[in-house]
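All remarks here apply to the structure that follows.
Only the coordinates and a few stated rules stand behind these numbers; no lab work does. Computed from a predicted structure; not experimentally measured. So basically every Cβ, Gly included, is an ideal-geometry build from the backbone, and we count neighbours across all protein chains shown.
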Amino acid sequence: MDVIYKRCCGIDVHKNMIMACVIVNRKKEIRKFGTMTDDILEMVRWLKEVECEVVALESTGVYWKPIYNILEQESLPIIVVNAQHIKAVPGRKTDVKDAEWIADLLKHGLVKASYIPHREQRELREITRYRQEIVNERARELNRIQAVLEGANIKMASVITNIDGKTGLSILAAIIDGQTDPIQLSALGCKNLAAKKIPELQRALKGSIGEHQMHMLKYQIEHITFMSKLIAELDLEIKKRTAPSEEYIELLDELPGIARRSAEKILAETGIEMNQFRDAAHFASWAGLVPQCNESAGKKKSTRLRKGNKYLKETLVECARVAIRKKSSLFYAKYCKIAARRGGKRALIAVAHRMLVIIYHILKNKSQFFDLGSDYFVKLDEERIKNRNINILRKMGYEVSLMPLKDL
């Protein structure tokens, strides 16, 4: 095999230990380091002494991140490799052998670098992902409040849409303060609450609330208030960090189903530079919105979605659920076309894939979104659809003749 790098290094990363193997021409040198900052800097000095051209390490959990950050600061070329792509052959499973194997694969150019964005985008990713975790935790806390209310036979959620709305929070605050009279509690309803719902709300608020439920609700409301404040602070930080990309956020905001928060999460995961992806198909494959390619002996096996960027995938599927509600859009037509044959879940993934392809071209060409409309696929296959319906009617025993409608 051809030698691509004459001086390279393979690193096997663990929580408390780093095993590094440097190959210089045909000579191998292996050293063991700790994972403290001083230990990593010592390894950097060693790599500079041997004039290492490139370093490769596998993406083991989060343990590769401090090594990558320090090597990046020291301007040493480094690539992160998917651990599944460099699995050693049987009988070579030791830390030393793993480091040698990575270095040997790197020497001959047999490893493929994973896409690692620049430091600013990595930090933005961490903030947006953390915000999403807090949003999810807030939703779970609301479910716990609902469980406490159900235990006290308070059916407020059956009358009020959101128990964390203005009316719901006012009633919960009064319950925490010791108010249990349904009439007094129902009077706290906001003006938007329909008058006919007041008697129903009074019946729903009649329950058996004890001191235990009041204490539980107090702790949960305080937790929700804290998380709401934290989410607002994270929103401001994300807005500040995405200010240079405001134009791209506005372009993505034009797509049905995508609002500002979703656009911020998408840009945090993908960035605004599309040059690292060969084309839209490669971009969709990286995101994990394409089926696996798994064929053996002429038989196609599982075609489940391949693994990819789960955060981007989840965001796009959520956006697709909203986009298909607009019945005049291309996404609704795409959903109906696929759902009739493959079911709603596969159709939703197809819509998310189409949305991702559109996002790729928007970010690459800095172009605006133009909705082709819900009749796009009908116009595209007009002749085939016409012939199919004619044949169906003829099989039912009808003679069919078509006449075009006159322009009104």
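What translational diffusion coefficient, in µm²/s and rounded to a whole number, does the Stokes-Einstein relation yield for the range 188-339 at 37 °C and a viscosity of 0.692 mPa s, taking the hydrodynamic radius as the Kirkwood radius over Cα pairs?
This corresponds to a translational diffusion coefficient of 162 µm²/s.
Angle check, please: helix 330-342 long axis (alpha carbons) against the longest principal axis of the chain (alpha carbons), in degrees 0 to 90, nearest 10. Once rounded, the angle reads 80 degrees. Were the residues from Lys364 through His223 laid out at 0.36 nm apart, the gain over their Cα-Cα distance would be 46.6 nm.
At R0 = 45 Å, how high is the FRET efficiency between Glu42 and Ala259 if r is their beta carbon distance? Nearest 0.05 is fine.
Once the sixth-power term is evaluated, E becomes 0.40.
Between Val62 and Ile272, the simple spin-label model (points 7 angstrom out along Cα→Cβ) gives 2.9 nm. Listed by chain and number, the lysines placed with their C-alpha closer than 20 angstrom to that of Lys301 are Lys345; residues fewer than eight positions away on the same chain are left out.
Within the same chain, lysines fewer than 8 places from Lys239 are excluded, and of the rest, those with a Cα less than 21 Å from its Cα are Lys229, Lys265, Lys366. Between Thr35 and Val400, the FRET efficiency from the beta-carbon distance, with R0 = 60 Å, is close to 0.20.
How high is the relative contact order of the chain, in percent, counting Cα pairs under 8 Å that sit 6 or more residues apart? Walk me through the numbers before you get to the answer.
Working: 495 pairs, mean separation 43.8, N = 408.
It comes to 11 percent, rounded to a whole number.
In the chain, which longest range has no GluC sites (Glu not before Pro) that are both DSSP loop (not H, G, I, E or B) and surrounded by at most 10 other Cβ atoms within 10 Å? The longest uninterrupted stretch comes out as 52-398.
For the range 7-107, the ratio of Cα radius of gyration to the globular rule of thumb 2.2 N^0.38 Å stands at 0.96. Stokes-Einstein diffusion for the chain, with the hydrodynamic radius set to the Kirkwood value over Cα pairs and evaluated at 25 °C in a medium of 0.890 mPa s, equals 92 µm²/s.
Rounded to the nearest 0.05, what FRET efficiency do Tyr130 and Lys299 give with R0 = 51 Å and r taken as the Cβ-Cβ distance? Could you check?
0.70
Applying a threshold of 26 Å to the alpha-carbon distances of Lys27/Lys93; Lys313/Lys334; Lys65/Lys364 flags Lys65/Lys364 as lying beyond it.
Residues within the reach of a label modelled at His108 (point 7 angstrom out along Cα to beta-carbon, backbone nitrogen below 18 Å), restricted to the range 1-15, are 1-11. Among Ser296, Met17, Val322, whose Cα sits farthest toward the positive end of the charge dipole of the chain (+1 at Cβ of Lys/Arg, -1 at Cβ of Asp/Glu, about the Cα centre)? Sorting the options by dipole projection puts first Ser296. For the cross-link pairs Lys87/Lys307; Lys32/Lys112; Lys107/Lys310; Lys166/Lys327; Lys87/Lys299, the ones whose C-alpha atoms lie over 21 Å apart are Lys32/Lys112; Lys107/Lys310; Lys166/Lys327; Lys87/Lys299. The residues neighbouring Lys366, those whose beta-carbon lies less than 12 Å from its own, together hold a net charge of -2 under the Lys/Arg +1, Asp/Glu -1 convention.
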